Amino acid sequence: MLIRRPADYRPSEITPAEVYADRRRFIAAALGLAASSVLPAARAATPTGTPLTAPRNPKFSTAETPNSWDDVTGYNNYYEFGTDKSDPAANAGHLRVSPWTVTVAGEAELRGTFALEDLIRPHPLEERVYRLRCVEAWSMVIPWVGLPLGDLVRRLKPTSRAKYVAFTTLRDPTQMPGQRSSVLDWPYVEALRIDEATHPLALLATGVYGRSLPNQNGAPLRLVVPWKYGFKSGKAIVRIEFMEKMPATTWNRSGPEEYGFYANVNPAVDHPRWSQKTERRIGAGLFAARQPTLPFNGYGEQVASLYAGMDLRRYF
Ligand SMILES: Nc1nc2c(c(=O)[nH]1)N[C@H]1C(S)=C(S)[C@@H](COP(=O)(O)O)O[C@H]1N2
Ligand SMILES: [Mo]
């Protein structure tokens, strides 16, 4: 069996795109310009999208300063639209995100295909400022808008057999050019254990910066699991399936020795090709010090008990 290793087709994975983005900011600063004036013209300098009513939930928000709109919407991972950090902003704009349906399947009482609005309408939206730590050792602070995933899961009434829940991204190569290449097995699937999915920190995001999600951030519905590496947070979700057995997930299949099912942020367990001890905060500037990565991305007090007794080196 051919095991595709991301390194084989992403030789420039970690640094060049970041350095490139920072260099542009650096040049902009030197010229006394707004960074946006030298960034690609493809994206708006100010927030777009429909304004949402979503009071901030301070209990679940970090006090750290959020990244800029430019960082949050211009530096993305979304391989359906290309593997460079600037590709999603440049290429995702045409994705049709309305109307949108989500199919609920498997071990749940409330199954079927729902209009997105019907699925989320009963749940009030709130804003939560979360850290997002990418497995590639960069991080951002992002003011998400969404609903607690656990509230929706409970409403769907998983059966007693449901132990996992999988989230599948849209598969549509006509709209998602990255799906015409085999960079990953499409569609993108990520999954959680049910107790993870019902943890109060797990969020289904419909917006960011007080407005509906830009396509590059996963419109119209994406997961945000702040104590896990960013790849667990699937974008453009069309299917939620409750399962008895642990499902195969995209990144784990693509490199099982590099990307575990759990993917909990853990500075003590390095990625085989790089350290996870520190991270680079996007937007901090070329000369800013890397910062230490915290266990469970700093959410250990809330989530560590989910993994009591588990060997986190084995279940990484
Ligand atoms: N469908 C899909 N979801 C995805 C990805 C992807 O390539 N495709 N990339 C993941 C990774 S690696 C990260 S770090 C986050 C990035 O989210 P952001 O671009 O909103 O910051 O999205 C995750 N969700
Ligand atoms: Mo990531």
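The values are calculated or read from the model by the stated rules, or taken from the named source; none is laboratory data. From a predicted model like this one, the values you see are computed outputs, not experimental measurements. Positions of Cβ are generated from backbone atoms using ideal geometry, with glycine treated the same way; all protein chains shown enter the neighbour counts.
Checking the condition crowded, with 16+ Cβ neighbours inside 10 Å, at pLDDT 95 or above and more than 21 Å from the chain's Cα centre (by Cα), which residue from Leu147, Leu116, Leu156, Leu110 passes?
Details: Leu147 fails: more than 21 Å from the chain's Cα centre (by Cα); Leu116 fails: more than 21 Å from the chain's Cα centre (by Cα); Leu110 fails: crowded, with 16+ Cβ neighbours inside 10 Å.
That would be Leu156, the only listed residue that is crowded, with 16+ Cβ neighbours inside 10 Å, at pLDDT 95 or above and more than 21 Å from the chain's Cα centre (by Cα).
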Checklist entry - Does Lys245 count as within 11 Å of ligand 1 (Cβ to nearest atom), of a type in the set (Lys, Arg) and either farther than 17 Å from Ile120 by Cβ or surrounded by 17 or more Cβ atoms within 10 Å (Cβ to Cβ) (or both)? => result no
Checklist entry - Can Asn252 be described as over 13 Å from the mean Cα position of the chain (by Cα), within 16 Å of ligand 2 (Cβ to nearest atom) and surrounded by 21 or more Cβ atoms within 10 Å (Cβ to Cβ)? => result yes
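Among the strands (runs of 3 or more DSSP E) contained in the range 78-167, which hold 1 or more residues that are under 28 Å from Trp274 (Cα atoms)?
Working: elements: 101-106, 112-115, 126-133, 138-148.
Result: 126-133, 138-148.
Hey, any hits in the range 289-296 for a residue that's loosely packed, with under 12 Cβ neighbours inside 10 Å and either more than 27 Å from Val165 (Cβ to Cβ) or touching a residue at least 60 places away in the same chain (Cβ under 8 Å) (or both)? If you could, list the steps in order and put the result at the bottom.
Taking the range 289-296 first, the residues loosely packed, with under 12 Cβ neighbours inside 10 Å are 289, 292.
The next check asks that each one be either more than 27 Å from Val165 (Cβ to Cβ) or touching a residue at least 60 places away in the same chain (Cβ under 8 Å) (or both); those that pass are 289, 292.
There is at least one residue in the range 289-296 that is loosely packed, with under 12 Cβ neighbours inside 10 Å and either more than 27 Å from Val165 (Cβ to Cβ) or touching a residue at least 60 places away in the same chain (Cβ under 8 Å) (or both).
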Checklist entry - Which condition number in (1) under 23 Å from Arg56 (Cβ atoms); (2) assigned to a loop (DSSP other than H, G, I, E, B) is the one that Ala248 fails? => result (1)
Item to check | Failed criterion for Ser12 (all others in (1) part of a helix (DSSP H, G or I); (2) at pLDDT below 95; (3) among the small types (Gly, Ala, Ser); (4) within 16 Å of ligand 2 (Cβ to nearest atom) hold) | outcome: (1)
